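What follows is one structure encoded as structure tokens, with my remarks underneath.
The values are calculated or read from the model by the stated rules, or taken from the named source; none is laboratory data. Because the structure is a prediction, the values reported are computed rather than measured. With ligands, DNA and RNA removed, areas are computed over all heavy atoms of the protein, side chains included. Shrake-Rupley method; radii C 1.70, N 1.55, O 1.52, S 1.80 Å.
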Amino acid sequence: MKKILLFSLISFVYFNVNAQTVSQKSSIGITVGPSFPVGDFASKDLSNSQSGLAKVGGFLGIDYSYRFSKYFGAIVSAQGRIHGVDEKALSTYAVPDGSGASLSIATGTWKMGAIMAGIFQVVPLTKDEKLNLEIRALGGYQSTSSPKVDVKISIPGMGSFQDTQESESAGSFAYVVGAGLKYSLSPSLALKLSGDYNGAQPKFTVTTYPADAPVTQQVKQSIGTFNVGIGLAIGF
């Protein structure tokens with residue numbers, strides 16, 4: 001009788017735990033990893049006005065997911081990314097040899113923050129559905145800050161000259177498409193490995209100062225990155 005009662009108790013706990021797993025429609029996830037610039041954003045070609053000169057950076061994503069069916073759901077994501085600038089590519093702007101002049105260039109970083117929403121699909125890869133493939137697509141708003149650039153030239157007998165291009169911010173539409181693997185460690189905890197492409201085309205307002213009068217124009221920057229992340233998802 002004790003064995004039967006013990007077996008019944010174990011079965012009751014087991015099926016209730018699994019029932020909780022099925023009923024956990026909401027989850028919070030956090031993902032971090034490297035962000036690789038691609039396309040014009042990664043280009044070091046100074047003759048290309050769209051070159052972003054961006055180096056490999058990092059990203060952080062925080063997601064809220066809600067399943068409205070077993071294999072489909074909605075997702076809201078807040079993301080942040082940062083990329084340095086390849087200063088070596090700017091070294092082509094050198095002063096003539098033998099002039100005794102020197103040139104120094106210091107740059108800031110590209111910074112991006114976005115809030116997006118979209119949908120996702122779950123594709124089970126194992127019979128127990130512990131390992132799943134998740135495919136997602138999102139769109140939303142992204143704020144992008146361009147890097148600050150300080151240029152200083154020193155010429156013997158003439159002194160030093162300094163020019164600064166201030167950081168500018170611009171808002172734009174952004175989108176993410178990607179996929180990832182999700183492995184359940186427990187009924188309420190899962191490990192995630194993801195790969196996402198993020199794209200945006202912000203327009204920056206840039207002001208130059210020629211001899212006669214300031215000139216303001218809009219410059220579009222194509223931004224593309226591929227983010228590889230690892231993280232955790234907590235269901236509730």
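The table for this structure:
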| read-out | value |
| --- | --- |
| Overall dimensions of segment 39-95 by Cα: Rg and Dmax, Å | 18.6, 64 |
| Cα centroid separation, segment 46-81 to segment 113-164 (Å) | 7 Å |
| Exposure of ASP163 as accessible area (Å², to 10), given a probe of 1.4 Å and all protein chains | 100 Å² |
| Heavy atoms of PHE173: accessible area, 1.4 Å probe, square angstrom to 10 | 140 Å² |
| Per principal axis, descending, Cα span of segment 128-202 in whole Å | 78, 25, 18 |
| Qualifying lysines (Cα of each under 29 Å from Cα of LYS130; at least 8 residues distant if same chain) | LYS25, LYS70, LYS182, LYS192 |
| Solvent exposure, largest accessible area first (probe 1.4 Å, DNA, RNA and ligands not counted), of SER26, SER47, SER160 | SER47, SER160, SER26 |
